[in-house]
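Please read the structure below before turning to the comments.
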């Protein structure tokens, strides 16, 4: 009997030891670490300028409330802020000489103020360098006026110095962005004609200067390289094959997804988006994000499902490489914009009074697993 008791004590001791060892292993094992939080994001570059022009927002209960706080209440945990080199003092641009377009307070001071506001709400921050005085996109990669006539070496120095300057200003105020885009929708390159995709060696040299500047100030910040038309896999393979062949440096590949501008319903395009994200994440061993997304303000149901399904497919990218989705300017409405941009996520209540549509519920529902 004594021997049996000793035996039981011995066995129990071994079991306890094994359990302790197992917990220790789980605790130390890298695989046991919780995944980084998914970025449920919004680009809010117009917000402060809209506020200053008298626009106000109502919450779900019909009471006036901070538009950014309302977004947070609906599951948004990150903001995206664009920055221009030397935007016009009016913060308006006559796009293509025909349409006046609001730029938002997107100089260094404006970005700092918006980043502080987001951080005060506990939100993550993405900074998007356009390397232009105005919007950069596939059809507009306009060199800043101050950089006109620069040599290649001078342009590289200008990219580095501008990026470093903004990053340093943010850091001086205790803000290290979680992500930084070096370039915006760079399908045709940046700083045309110098940084054209006709010469990927020169283009890559410019972009790497931006990457180096980000890392010199904030090594933990992840750098994003961003193209439009996120459903076009052949475009992404062509662009990034050349970029990496020329020594390109980046941490994340970002895409834009706008079914409205593609002229097709979202459900005809999400499969192509998913295939492209899965392919480039594997092909280049990079994390991927949808950094711009938009839907028709007059069809909030479709916009809801566009957001919800996009989040679902990004989360489904293998090996946890799909890390976020950002809606572009959800606080906007065509009635308060000079160019009548129609892809915000609000409805007009009265003049200069807006209320978010059910489209933005998709962020909270996706985060909580709720089904609409």
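Some observations on this one:
- Here residue 30 passes the criteria (1) more than 25 Å from residue 125 (Cα to Cα); (2) surrounded by 12 or more Cβ atoms within 10 Å (Cβ to Cβ); (3) modelled with pLDDT under 95 except the one numbered (2).
- Each residue in the stretch 215-268 was checked for being outside any loop (DSSP other than H, G, I, E, B), under 30 Å from residue 302 (Cβ atoms) and over 18 Å from the mean Cα position of the chain (by Cα), and 11 pass.
- Candidates in the stretch 97-119 are the residues that are over 28 Å from residue 212 (Cα atoms) and without any contact (Cβ under 8 Å) to a residue 12 or more places away in the chain; of these, the one that is surrounded by the fewest Cβ atoms within 10 Å (Cβ to Cβ) is 97.
- Listed by first and then second residue, the pairs linking a residue in the stretch 71-85 that is more than 18 Å from residue 104 (Cα to Cα) and assigned by TED's automatic domain parsing to the domain that holds residue 221 to a residue that is modelled with pLDDT under 95 and surrounded by fewer than 23 Cβ atoms within 10 Å (Cβ to Cβ), with Cβ atoms under 6 Å apart and 6 or more places separating them unless they lie on different chains, are 75/367.
- Some residue of the stretch 163-170 being over 15 Å from residue 83 (Cβ atoms) and crowded, with 20+ Cβ neighbours inside 10 Å: no
The values are calculated or read from the model by the stated rules, or taken from the named source; none is laboratory data. Note that the structure is predicted; figures quoted are calculated from it, not measured. We place every Cβ from the backbone using ideal geometry, glycine too, and count neighbours over all the protein chains shown.
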